[in-house]
Amino acid sequence: MKWYDRIAKLYDLFTSWIYKKARIKLIESLGIKKGDRVLIIACGTGKNFKLIEEKIGNTGEIIALDYSKGMLEVAQKRINKNNWKNIKLINIDARDLSSKYLLDNNINADFDILIGELAFSVIPDWKNVMKMGSSLLKKNARIGLMDWYRKRNDWLTRIVDYLAEAETNRNTIEYAEKLFYKFSIKDKFLFNNVYVGIGRKSK
């Protein structure tokens, strides 16, 4: 994750326009309501915060975690600039996330929304992390994923994997369909390489 620390200050400059439409589709498709508690796995620079804040209002809450301190520093500046009081940032390896960890840090481990944005193509042991995220959700809670998925191992796959320290050929869609209730793809972007998928906690 040192790579993300190094590029954190320039990350939005080079990626905001690439993922803008996908981010909007992700948040709009989740049906976020006033007062919802949102857990974000791999929040990065917090580019989605504004879109979510417009939905949850002052009574909602965002718990956002990331392993990169550099990315969280940018996210904190975004929080300070907008004077948001209901966002808590956590610097943690997603593999260490658990209800015990949250409760030990005085955080209610019961969420209405789980968001994984460009997360599960990057995080090691991603299946267990996705399972853990699901375990922290209320009944009928909603899950939203935005991520890369490429079946082909060609030059573009290798470039994206190198730049993002990712494995974009992980079939995160297939696994999410097994783990979540009625998980489905709402749209695809960047020549069908980036998907937005929405589901609910399994019954």
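The values are calculated or read from the model by the stated rules, or taken from the named source; none is laboratory data. Bear in mind the structure is a predicted one, so any value in this text is a computation, not a measurement. Neighbour counts run over all protein chains shown; Cβ positions are idealised from the backbone, glycine included.
Looking only at region 100-114, count how many residues are surrounded by 13 or more Cβ atoms within 10 Å (Cβ to Cβ) and either part of a loop (DSSP other than H, G, I, E, B) or out of contact with any helix residue (DSSP H, G or I) (no Cβ under 7 Å at 6 or more places or on another chain) (or both). Give the steps one after another, and end with the answer.
Here is the first cut: in region 100-114, the residues surrounded by 13 or more Cβ atoms within 10 Å (Cβ to Cβ) are 101-102, 107, 109-114.
Those still in the list that are either part of a loop (DSSP other than H, G, I, E, B) or out of contact with any helix residue (DSSP H, G or I) (no Cβ under 7 Å at 6 or more places or on another chain) (or both) too: 101-102, 107, 109-113.
Residues in region 100-114 being surrounded by 13 or more Cβ atoms within 10 Å (Cβ to Cβ) and either part of a loop (DSSP other than H, G, I, E, B) or out of contact with any helix residue (DSSP H, G or I) (no Cβ under 7 Å at 6 or more places or on another chain) (or both): 8 in total.
Search region 131-159 for residues being without any contact (Cβ under 8 Å) to a residue 24 or more places away in the chain and not aromatic (Phe, Trp, Tyr), and hand back the single one that is surrounded by the most Cβ atoms within 10 Å (Cβ to Cβ). Working first, answer last.
Of region 131-159, the ones without any contact (Cβ under 8 Å) to a residue 24 or more places away in the chain are 151-155, 157-159.
In the following step, the residues that additionally are not aromatic (Phe, Trp, Tyr) were identified as 151-154, 157-159.
Details: 151: 9, 152: 10, 153: 11, 154: 9, 157: 18, 158: 11, 159: 11.
By that ranking, first place goes to 157.
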Original post:
Is it the case that region 33-50 has a residue that's more than 19 Å from residue 144 (Cβ to Cβ), in contact (Cβ under 8 Å) with a residue 24 or more places away in the chain and in contact with an Asp or Glu (Cβ under 8 Å, 6 or more places away or on another chain)?
Top reply: no
**OP:** Return yes when residue 63 is touching an Asp or Glu at 6+ places or on another chain (Cβ under 8 Å) and at pLDDT 95 or above and no when it is not.
**Re:** no
Original post:
Take the residues of region 77-94 that are among the β-branched types (Val, Ile, Thr) and under 27 Å from residue 124 (Cα atoms): which is surrounded by the most Cβ atoms within 10 Å (Cβ to Cβ)?
Top reply: 87
Original post:
Which is of a type outside the set (Lys, Arg), in contact with a Leu (Cβ under 9 Å, 6 or more places away or on another chain), assigned to a helix (DSSP H, G or I) and closer than 30 Å to residue 162 by Cβ, of 24, 40, 90?
Top reply: 24
